[in-house]
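J.: Before we start, here is the structure in question, set down as structure tokens.
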Amino acid sequence: MYQGRSTLIGKIALWVVILIAVSWAIFPFYWAIVTSFKQPGVIMTTPSLVPWLQFTPTLANWNDEFTQRWPEISRALSNSLIVSTGATAIAITLGTMAGYGLARFRFRRWKNKDMTMWFLSQRFLPPMATAIPFFLVMKFLNLLDTQLALILVNATFTMPFAVLTLRDVFKELPKEMEESAWVDGASHFQAFFRIALPLAAPAIAAAAVICFAFSWNEFLFALILTYRNAQPITVVIAGVEHTQGVQFWFVATRLLIAILPPALLALTAQRYIVRGLTFGAVKG
Amino acid sequence: MPERSRVKYLFVLPGIIWVLCFTIFPLLYSLRLAFFHARLGKSETFIWLENFRRALFDDYRFWNSMGVTVFFVVCSVVCTVSLGLALALLFNRPLRGQRLFRALFTTPLFTAPIALGYLGLTIFHEQVGAVNTVLFALGIEHPPAWFSSIWPARIAIVLVDIWQWTPFCFLVLLAGLQALPDEIYEAAWLDTSSSWDIFRYITLPLLTPVLFTVSILRMVEAFKMLDIPFSMTSGGPGAATQTYSFYIYLTGLRNFNAGYASALAYILLFVMLLISLSFFNRLRQLYE
């Protein structure tokens, strides 16, 4: 609990620090937005930060992005959307069940704690350690450059989030309702679907949002496993460099397109972010 | 609670089996590869521990990338956790617009690191980047050439990483602070009027478990760092920002030396294992 003296100077100092923190947080976004409205020629000659004052904003870059380069972008976006949705669906389905199982039942042969650690350990595994075998296996299965390959990979990497977060959520739900349902003759699955699932729905939705955002932002495996048709947006933006040096205007528009969907979506999961990102170890 | 029912296994087994298939199987596969001289698309020869020997005793790039990674991990963990703590303490008070601030600090977390790296490329550009524009305006005539000298390049990457992950530490630590019981503070304010004492003797000890969790999670993530150096500096200048994961990527998937890359991956896995074992028990208690 805070119990400070609220002198005028203290208040001003506080707001100055807050202002600095906030501008630090939004500056890269500001820079990207401003750059996306600069004339290509202007960008490389004169440094500038303030539209209208230092340069005349133009819609040309956005126009290009949505007309000339749209086929490439739209394909990448739809790949990202399909991959993230598919991966999220798998991760959430299996994750909800496992989370519920770990929260509600006691296992003897393997302890609950050990199974929980099993899922957590997946997050400690450096993805690079599985990248090469994944590449070889997908090549063997003829799944290179398919959305399915990326769905499988992303489902694997996001599942621990789902399991651990939802385990924690189910633990906090009162179990009396399910117990009385069991007494009334409902099966475990009926109790799960009819009682626990609806109660946990908001948390499940939030976990889904987090899984979706992480799948969307995943780059390493997308780079390794796709080369043309199934390239998601993260790989396509990696193409902005090297062709003709850094094309600022190009980078800016494209990055904003790539960044915005998960970032905006994540705002809807605000309440569960802390819990999700710490795997339920810290309650948000 | 009925415990004899076998139905309960149906809940947990699909998830466990899935993870088993998609991580343990690839790991076994690459364990095998690590003992072979295997280039993608060519024949394999069994060479015992040669790959490991080469990495540890005969490969300066291995030690270079290890050093770079450790530097990034240390800088990133120390800076993000301490900045996050400072911000959390600052925001842990009745404040108008707190929800807005929290929302604002959530967005960096969900920004694709790869995109952020490219954005960093334009922000730290030597002539017309945002940072040097500001430095020029402040009257500094020779601001750092961010991407052509070793330490500025490293610092630029660390800065981007800090930008992305400080909000994580902030949000988690703020949640930790807000969960601390008010009564203790009310009692403590009767004994002292120094907010430093309150922080040192009350807040910090109570917050230790959360600080521990945050640091561990940050460390684990930082060890995997690849996207930002990949996009921002391509590991350069030279190999000055080539992280360990990046080096494995280059070895295995650019030079197609799958055997050696697998050995390198196993060394990383071993390091992570050592780190996680050292705090495994404490972490396990968090999931009671």
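What follows draws every value from the coordinates through simple rules; no lab data is involved. Predicted, not measured: the structure shown is a model, and the values here were computed from it. In this analysis, Cβ positions are derived from the backbone assuming ideal geometry, glycine residues included, and neighbour counts consider all displayed protein chains.
J.: Using a 7 Å offset from Cα along Cα-Cβ at B:V7, what residues in region A:92-110 end up with backbone N under 14 Å from the label point?
T.: Residues A:101, A:104-106 qualify, since their backbone N sits under 14 Å from the label point.
J.: Going by Cα centres, region B:61-138 and region B:31-48 are how many Å apart?
T.: 40 Å
J.: Right, another one. As I understand it, the value is the acute angle between the Cα axis of helix A:128-140 and the longest principal axis of the Cα atoms of chain A; what does it come to in degrees, rounded to 10?
T.: Between the helix axis and the principal axis of chain A, the angle is about 90 degrees.
J.: Using a Cα-Cα cut-off of under 16 Å, which aspartates and glutamates could be cross-linked to A:K113, ignoring same-chain neighbours fewer than 8 residues away?
T.: A:D168, B:E288
J.: Which of A:K111/A:K175; A:K175/B:K224; A:K111/A:K139; A:K283/B:K8 have a Cα-Cα distance over 29 Å? Mind showing how you got there, number by number?
T.: Details: A:K111/A:K175 20 Å; A:K175/B:K224 39 Å; A:K111/A:K139 37 Å; A:K283/B:K8 26 Å.
Violating the 29 Å limit, Cα to Cα: A:K175/B:K224; A:K111/A:K139.
J.: Moving on to the next point. How many percent of all Cα-Cα pairs in region B:105-194 sit more than 21 Å apart?
T.: 52 percent
J.: Still on this structure, please answer the following. By counting other Cβ atoms within 10 Å of each Cβ, how are B:V160, B:V220 ranked from fewest to most?
T.: By the 10 Å Cβ count, ascending: B:V220, B:V160.
J.: Moving on to the next point. State the answer as a single residue: which of A:F66, A:Q39, A:F119 lies farthest towards the positive end of the charge dipole of the protein assembly as shown, with beta carbon charges of +1 for Lys and Arg and -1 for Asp and Glu, about the Cα centre.
T.: A:F119
J.: Which value in Å is the Kirkwood Rh of region B:47-286 over different Cα pairs?
T.: 20.3 Å
J.: How long are the semi-axes of the equivalent ellipsoid of region A:8-63, defined as square roots of 5 times the Cα gyration tensor eigenvalues? Whole Å, largest first.
T.: Whole-Å semi-axes of the equivalent ellipsoid: 32, 11, 9.
J.: Something else now. As a test of the definition: which semi-axes, in Å, follow for region B:1-133 when you take the square root of five times each eigenvalue of its alpha carbon gyration tensor? Largest first, please.
T.: Semi-axis lengths for region B:1-133 are 40, 33, 16 Å.
J.: From the gyration tensor of the Cα coordinates in region A:38-120, what semi-axes in whole Å does the equivalent ellipsoid have, largest first, with each one equal to sqrt(5λ)?
T.: 52, 18, 9
J.: Does region A:87-134 come out rounded, prolate or oblate, given a ≥ b ≥ c as the square roots of the eigenvalues of its C-alpha gyration tensor, rounded meaning a/c under 1.5 and, failing that, prolate meaning a/b above b/c?
T.: oblate
J.: Under unit Cβ charges (Lys, Arg +1; Asp, Glu -1), what dipole magnitude, rounded to 20 debye, does the protein assembly as shown have relative to its Cα centre?
T.: Taking the Cα centre of the protein assembly as shown as origin, the dipole is about 980 debye.
J.: Any idea what log10 I(q)/I(0) is at q = 0.17, 0.18, 0.31 Å⁻¹ for region A:100-158, Debye with uniform C-alpha scatterers and no solvent?
T.: Once normalised to I(0) and log-transformed, intensities are -0.71, -0.75, -1.25.
J.: From the phi angles alone, apply the Karplus equation (6.51, -1.76, 1.60; θ = phi - 60°) to region B:230-236 and give each ³J(HN,Hα) in whole Hz, x where the residue is Gly or Pro.
T.: 4, 7, 7, 10, 6, x, x
J.: Charges at C-beta only: +1 for Lys and Arg, -1 for Asp and Glu. How large is the resulting dipole of region A:1-146 about its Cα centre, in Debye rounded to 20?
T.: Computed charge dipole of region A:1-146: roughly 1040 debye.
J.: Name the shape class, rounded, prolate or oblate, that the alpha-carbon gyration tensor gives for region B:204-272, where a ≥ b ≥ c are the square roots of its eigenvalues, rounded holds for a/c under 1.5, and otherwise prolate holds if a/b is larger than b/c and oblate otherwise. Can you show the working numbers first?
T.: Numbers: a/c = 4.09, a/b = 1.89, b/c = 2.17.
Judged from the Cα gyration tensor, region B:204-272 comes out oblate (a/c at least 1.5, b/c at or above a/b).
J.: In addition: Go through A:277-283, A:14-20 and give me the packing order, highest mean Cβ count within 10 Å leading.
T.: A:277-283, A:14-20
J.: Could you state, as a whole-number percent, how many of the C-alpha pairs of region B:39-93 are farther apart than 15 Å?
T.: When all Cα pairs of region B:39-93 are counted, 70 percent exceed 15 Å.
J.: Here's a follow-up. Separation between the A:A13 and A:T93 pseudo-spin-labels, each 7 Å from Cα along Cα→Cβ, expressed in nm?
T.: Each label point lies 7 Å from its Cα, and together they span 5.7 nm.
J.: What nm value, rounded to one decimal, do you get for the distance between A:D184 and B:T45 when each label is placed 7 Å out toward the C-beta?
T.: 7.3 nm
J.: Right, something else. Please give, to one decimal in nm, the separation of the simple spin-label points placed at B:F25 and B:A103, each 7 Å out from Cα toward the Cβ.
T.: Between B:F25 and B:A103, the simple spin-label model gives 4.4 nm.
J.: Assign one of three labels to chain A, namely rounded, prolate or oblate, based on the Cα gyration tensor with a ≥ b ≥ c the square roots of its eigenvalues; rounded applies when a/c is under 1.5, prolate when it is not and a/b is larger than b/c, and oblate otherwise.
T.: Oblate, because a/c is 1.5 or more while a/b does not exceed b/c.
J.: With every atom except the alpha carbons ignored, what do you get for Rg and Dmax of the protein assembly as shown, in angstroms?
T.: When restricted to Cα atoms, the protein assembly as shown yields Rg and Dmax of 24.8, 80 Å.
J.: Continuing with this model, one more query. Any idea what the dipole of chain A comes to, in debye rounded to 20, about its Cα centre with Lys/Arg Cβ at +1 and Asp/Glu Cβ at -1?
T.: 760 debye
J.: Follow-up question, since we're still on this one. Calculate how steeply helix A:147-172 sits against the longest principal axis of the alpha-carbon atoms of chain A, using the helix alpha-carbon long axis, and give the answer as 0 to 90 degrees to the nearest 10.
T.: So the inclination is approximately 60 degrees.
J.: Can you list the residues, at least 5 places off or on another chain, whose amide H is less than 5 Å from the amide H of B:F36, using H built in the peptide plane?
T.: The answer is B:I47.
J.: Sticking with this structure for a sec: To make sure I understand, if each residue's beta carbon is the centre and we count other beta carbons within 10 Å, what order do B:F62, A:F55, A:F189 fall in, fewest to most?
T.: Ascending number of Cβ neighbours within 10 Å: A:F189, A:F55, B:F62.
J.: Quick one: what does P(r) look like for region A:33-174 with 5 Å bins over all Cα pairs, in whole %?
T.: Final binned percentages: 2, 8, 12, 12, 11, 10, 9, 9, 9, 7, 5, 3, 1, 1, 0.
J.: Let's test the formula: R0 of 60 Å, r as the Cβ-Cβ distance of B:S148 and A:K113. What FRET efficiency results, to the nearest 0.05? Please report the intermediate quantities before stating the final value.
T.: Details: r = 51 Å, r/R0 = 0.85.
About 0.75, to the nearest 0.05.
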